[in-house]
Amino acid sequence: MSRIGVFVCHCGENISATVDVEKVAQAAAGFDDVVHSVDYKYMCSDPGQTLIKQAIKEHNLTGVVVAACSPRMHEPTFRKACAEAGLNGYMCEMTNLREHCSWVHDRTEETTEKAIDLVRMLVEKVKNNKPLEPILVPITKTALVIGGGIAGIQTSLDIANCGHKVILVEKEPSIGGHMSQLSETFPTLDCSQCILTPRMVEVAQHPNIELITYAELDSLEGYIGNFKAKIRKKAKSVDHSVCTGCGDCWGKCPSKKIPSEFNAGLGSRTAIYVPFPQAVPNKPVIDKSNCNYYQKGKCKICEKFCKPGAIRFDQEDEIVEAEVGAVVVTTGFDVVKPEFFPEYGYGKYKDVITGLQFERLASASGPTLGEIRRPSDEKVPEKVVFIACAGSRDPAKGINYCSKICCMYTAKHAMLYQHKVHTGKSFVFYMDIRAAGKNYDEFVRRAIEEDKVNYIRGRVSTVYEKDGKLIVKGADTLMNGEPIEIEADMVVLASAGISNPGSEELAQKLHVSYDRYKFFAEAHPKLKPVETNTAGIFLAGACQAPKDIPETVGMASGAASKVAALFSQPELKREPLIAVVNRQMPPVFSSCVGCFLCETACPYNAIGREEIKDRNGNVIKTLARVNEGLCQGCGTCVAFCRTKSIDIQGFSNEQMYSEVMALLND
Amino acid sequence: MDNVKKRAAELLKSEAVKVVIGYTMGTNGKPRAAFIQNAEDVDSLIFNAQCVQNLAVYLSKAEIKQLGKPAIVAPLNVLRAIIQLASEMQIQENELIVLGVSPDGELIDFQNFSAIEKYLEDFNMEVDAKEKETLEKISSMSLEERWKFWNEELAECFKCYACRAACPMCYCHKCAVEQNKPQWIPVAAHRLGNLEWHIMRAMHLAGRCVNCDACHEACPKGINLNFLTKLMLNDAQEEFGYTGVTLKEGNLLSTFKTNDQENFIQ
């Protein structure tokens, strides 16, 4: 026989102003098996909890219903209180009289009636509750970081400095990411590479970090604390254990006209190459798609000139397996491609370039060694137009969001140009200036006031070439939309930041969700910004949305601290609200017939197979088995199971049925 | 059919199988299932257009399983059921010998299940044109008309569960209607109970039904309960490009393809 206690909370006036809480408590006292029912002003307060604890002891309660706020808010509080009084925490249920009743209705008789019904349902449910114990899962204390830009570098260093192992996987031949391509950084104008490269070297030398470059994630299986990753090491065609990085090979390589990715297409590289002089590791790979030997069958000049004999033309992709306890995704972003701007002539006119290309022009390690020379004829441009929001905040182009970093880097670009070309004139077309951040607005004001950059509020309608000049047509909306035409020598587009190609595929491999722009989705926009919906997988940097370096680094350290917190526990405690396959006496063993449709329906790969064997080891029956570490308790398998052989602990068929019937039979 | 008989006799003689499941003439001039355990009895095997019962239903029955390894006379509907059962892990290739039968009664040799799967590709599992017409008529009814139609159609049902016993896909040891903690589906053969049973049966066959009409053939009241599964099959083909049974794991309802239509989510 159940002995149920009902505790109705006023929540100050949040509930009691709308619901007649005393009447609810009185009505509940009359329900079958309810032996104690009270109301109180703040049930979650210390005296409120004491009320529950005392009642459990005095009335020998076997179940507790707290009629208060959302279980999301206080379920742990009340379960803990019950446990302290000796009642299994999972024998306590909450019904939500606040969000589900008082906050959404007026004070009427019906509102109180609804509150009584809500309590009635949970009383019936709790009678079918069973005591449950938390699930303990072991943790592999190694983290996998995917992407070696500044986010991945910072995350790896922070986790490694906590004493945990890190595997950092980078798809390019070198770590560094977009930050290594930048010239100077706002708002201090310090050199990007100068602050980044020491950290790149630190990664390579850290005893806790295993750096795997030129590699991609092939698959990820498992669950928080216990992932199994397969990493595809692409064939480098160079044995890095032998290579000294002397550079003889790329000096002799005859394929010299390959557009350099590092220089955003403004310079060229060879087929055997290191992306940039400060690369980590500073050893070359062969780009098979552009190598004479791989494409035409002969050449091998690099092999001839390689003194240590490190070239390996027969090297193949290799899959390495790793066991990791947590994953941090730091795959970064991309910028929109030329075909996005037919009206600005990008791709058509050589001197219409993206912000990233301007970074390379302004960089001391770039194709012009830091002099601003336009790509078409290498002349120093006398008039430069910068177009902000090129693609961003443009619903017509399908990008509604603000790319966030463009206002700042456009101001920086104009400033760098003015510093380098004293006689030059620069114009910035902008929609709004978004310079929120420490010293950010001051930076933009400096560009306008000290460096005399001409800011024009308005959009550019078209860019076309005429007599060797780029004619930029726009309007100044602060001058009543007066048309403006500028004869420019170069145009720089602050092109929109977009998600990386392949991010959707990666998200599916990782079982994490992503937004409509294919940026990875955080678990909660405010309170869980670095977590994903999949436990044990975290996010940092621009793979979640465009963001600047300080924000990326902050987020990276945040993700690292989440990983470190996870690794600091000896075992992982999980809520036992998971699916279980029923078991019965032999010879039936279970009503499960082993059709395994649940296995294909499970979004978390949590369903495996269990063989029941006799004494001689012969398989009698194969049943579905739910992996306790993987199951998230979503219930998809329960809906699927034709024989109703699967139940969610804490939300069993019986519990749900009695809850619904309590309402229908009333 | 002679080839089939010859092969059946060989299999029994060599003890490669213990029982041959096939068709024989019943007492009332209608074919029935035969379970032949002696090579001398193979002459009683028959095959004609009236042999419509889906013999695959016996493969998962405990009484037949205990006889030992079976061979099964398998026209198209049985072949489809075998593949679907295999995809649901209910039969293994090495536990069964399939004696394929062409529509005119000739033996077809199948080396393995993949060969059956390949053979089936040539036979579209479509609802035939006349049935399609009836289904369209039902689909075009107003909600009220359809509700009335089904209530009347199913009123005759007295829940003998012959449809379940005849269906090769209803192999669960304990059917959901017999689950009583809680009792989701009412036991009584009243209007609501009938409706719930038949809707549940159709849903449990979604993406699994092999369109053999065994359920309809078995119904003592001649209820067109296969219309429900056929409507479902029609939807599966039109909305999700379902072409028929395959060996791959999972079924239409439990898996998704990236190009699946999602226009029903609004």
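The values are calculated or read from the model by the stated rules, or taken from the named source; none is laboratory data. Note that the structure is a prediction, hence the values are computed from the model and not measured. Neighbour counts run over all protein chains shown; Cβ positions are idealised from the backbone, glycine included.
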Quiz item: In segment B:20-47, what residues are in contact with a Lys or Arg (Cβ under 8 Å, 6 or more places away or on another chain) and closer than 21 Å to B:Glu63 by Cα?
Solution: B:Tyr23, B:Thr24, B:Gly26, B:Gln37, B:Ala39, B:Val42, B:Leu45
Practice problem: Answer with yes or no whether A:Pro207 is surrounded by fewer than 17 Cβ atoms within 10 Å (Cβ to Cβ), closer than 26 Å to A:Ser260 by Cα and either out of contact with any Gly (no Cβ under 8 Å at 6 or more places or on another chain) or of a type in the set (Asp, Glu) (or both). | Solution: no
Quiz item: On the given criteria, is A:Leu182 of a type in the set (A, V, I, L, M), in contact (Cβ under 8 Å) with a residue 60 or more places away in the chain, within 30 Å of A:Glu571 (Cα to Cα) and surrounded by 17 or more Cβ atoms within 10 Å (Cβ to Cβ)?
Solution: no
Practice problem: Quick one: count up the residues across segment B:183-205 that are buried (at least 16 other Cβ atoms within 10 Å of the Cβ), in a loop (DSSP other than H, G, I, E, B) and at pLDDT 90 or above. | Solution: 1
Quiz item: Of the numbered conditions (1) in a strand (DSSP E or B); (2) over 23 Å from the mean Cα position of the chain (by Cα); (3) of a type in the set (Val, Ile, Thr), A:Ile231 satisfies every one except a single condition; which is it?
Solution: (2)
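Restricting attention to segment A:422-444, which residues are aliphatic (A, V, I, L, M) and either under 22 Å from A:Asp476 (Cβ atoms) or assigned by TED's automatic domain parsing to the domain that holds A:Thr188 (or both)?
Passing the criteria: A:Val428, A:Met431, A:Ile433, A:Ala435, A:Val444.
Table: residues versus (1) within 14 Å of chain A (Cβ to nearest Cβ); (2) within 19 Å of the chain's Cα centre (by Cα); (3) closer than 28 Å to B:Phe113 by Cα.
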site: B:Leu195; (1), (2), (3): no, no, no
site: B:His204; (1), (2), (3): yes, yes, yes
site: B:Glu217; (1), (2), (3): no, yes, yes
site: B:Glu238; (1), (2), (3): no, no, yes
site: B:Ser254; (1), (2), (3): yes, no, yes
Exercise. Evaluate the following for A:Glu465: is it surrounded by fewer than 17 Cβ atoms within 10 Å (Cβ to Cβ), in the same structural domain as A:Gly345 (by TED's automatic domain parsing), in contact (Cβ under 8 Å) with a residue 12 or more places away in the chain and more than 39 Å from the chain's Cα centre (by Cα)?
Key: yes
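Condition check ((1) in contact (Cβ under 8 Å) with a residue 60 or more places away in the chain; (2) in contact with a strand residue (DSSP E or B) (Cβ under 7 Å, 6 or more places away or on another chain); (3) not basic (Lys, Arg)) across all residues:
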| position | (1), (2), (3) |
| --- | --- |
| A:Cys406 | yes, yes, yes |
| A:His413 | yes, yes, yes |
| A:Lys420 | no, no, no |
| A:Phe429 | no, yes, yes |
| A:Ile448 | no, yes, yes |
| A:Asp451 | no, no, yes |
Quiz item: Looking at B:Ile185, B:Ile223, which one is aliphatic (A, V, I, L, M), touching a His at 6+ places or on another chain (Cβ under 9 Å) and more than 17 Å from B:Glu126 (Cα to Cα)?
Solution: B:Ile223
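So that you can scan it fast, the table gives a plain yes or no per residue for (1) surrounded by 18 or more Cβ atoms within 10 Å (Cβ to Cβ); (2) free of Cβ contacts under 8 Å to residues at least 12 places away in the same chain; (3) over 29 Å from A:Leu630 (Cα atoms); (4) touching a Lys or Arg at 6+ places or on another chain (Cβ under 8 Å):
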| position | (1), (2), (3), (4) |
| --- | --- |
| A:Ile146 | yes, no, no, no |
| A:Ile175 | yes, no, yes, no |
| A:Ser192 | yes, no, yes, no |
| A:Leu211 | yes, no, no, no |
| A:Lys228 | no, no, no, no |
| A:Ser237 | yes, no, yes, yes |
Quiz prompt | Candidates B:Glu95, B:Glu88 - the one that is within 14 Å of chain A (Cβ to nearest Cβ), within 21 Å of A:Gly594 (Cα to Cα), among the acidic types (Asp, Glu) and surrounded by 13 or more Cβ atoms within 10 Å (Cβ to Cβ) | solution = B:Glu88
Quiz item: Among all residue pairs at least 6 apart or on different chains, which show Cβ distances below 8 Å where the first residue, located in segment B:56-69, is at positive phi and exposed (fewer than 14 other Cβ atoms within 10 Å of the Cβ) and the second is part of a loop (DSSP other than H, G, I, E, B) and hydrophobic (A, V, I, L, M, F, W, C)?
Solution: B:Gly68/B:Val17
Exercise. Would you check if there is a residue in segment B:251-260 being β-branched (Val, Ile, Thr), outside the structural domain of B:Lys137 (by TED's automatic domain parsing) and modelled with pLDDT under 85?
Key: yes
Self-check item: Every pair of residues 6+ apart whose Cβ atoms lie under 6 Å, when the first sits in segment B:156-179 and is part of a loop (DSSP other than H, G, I, E, B) while the second is surrounded by fewer than 17 Cβ atoms within 10 Å (Cβ to Cβ)
Solution: B:Glu156/B:Lys221; B:Phe158/B:Ala189; B:Lys159/B:Ala189
Quiz item: Got a sec? Which of A:Phe651, A:Phe640 is touching a Cys at 6+ places or on another chain (Cβ under 6 Å), of a type in the set (Phe, Trp, Tyr) and in contact (Cβ under 8 Å) with a residue 24 or more places away in the chain?
Solution: A:Phe640
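To keep it simple, each residue is scored yes or no on (1) of a type in the set (Asp, Glu); (2) within 32 Å of the chain's Cα centre (by Cα).
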| residue | (1), (2) |
| --- | --- |
| A:Val580 | no, yes |
| A:Gly608 | no, yes |
| A:Lys613 | no, no |
| A:Lys621 | no, no |
| A:Phe640 | no, yes |
| A:Glu654 | yes, no |
| A:Glu659 | yes, no |
| A:Ala662 | no, no |
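So, of the residues in segment B:206-215 that are closer than 13 Å to B:Val57 by Cα and assigned to a loop (DSSP other than H, G, I, E, B), which turns out to be nearest to the other protein chains (Cβ to nearest Cβ)?
The first filter runs over segment B:206-215 and keeps only residues closer than 13 Å to B:Val57 by Cα, leaving B:209-210, B:212-215.
The next check asks that each one be assigned to a loop (DSSP other than H, G, I, E, B); those that pass are B:209-210, B:212-213.
Details: B:Cys209: 13, B:Val210: 15, B:Cys212: 18, B:Asp213: 21 Å.
The residue in question is B:Cys209.
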Practice problem: From the list A:Ala556, A:Ala579, A:Ala565, A:Ala535, pick out the single residue that is more than 27 Å from A:Cys637 (Cα to Cα), touching a residue at least 24 places away in the same chain (Cβ under 8 Å) and among the small types (Gly, Ala, Ser). | Solution: A:Ala556
Quiz item: Restricting the search to segment B:142-182, which residues are at the interface with chain A (Cβ under 10 Å from one of its Cβ atoms) and either of a type in the set (Lys, Arg) or loosely packed, with under 14 Cβ neighbours inside 10 Å (or both)?
Solution: B:Lys174, B:Lys181
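Going through segment A:536-552 one residue at a time, which ones are more than 11 Å from the chain's Cα centre (by Cα) and more than 30 Å from A:Arg574 (Cβ to Cβ)?
The answer is A:Pro546, A:Lys547, A:Asp548, A:Ile549, A:Pro550, A:Glu551, A:Thr552.
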Exercise. Would you kindly identify the strands (runs of 3 or more DSSP E) lying entirely within segment B:1-90 that contain at least 2 residues that are of a type outside the set (D, E, K, R), closer than 30 Å to A:Arg642 by Cα and within 16 Å of the chain's Cα centre (by Cα)?
Key: B:19-25, B:70-74
Quiz item: If you take the residues of segment B:183-193 that are within 16 Å of B:Glu153 (Cβ to Cβ) and free of Cβ contacts under 8 Å to residues at least 12 places away in the same chain, which of them is nearest to the other protein chains (Cβ to nearest Cβ)?
Solution: B:Leu192
Quiz item: Is at least one residue of segment B:108-129 at pLDDT 90 or above, assigned to a loop (DSSP other than H, G, I, E, B), away from chain A (no Cβ under 14 Å) and under 26 Å from A:Lys621 (Cα atoms)?
Solution: yes
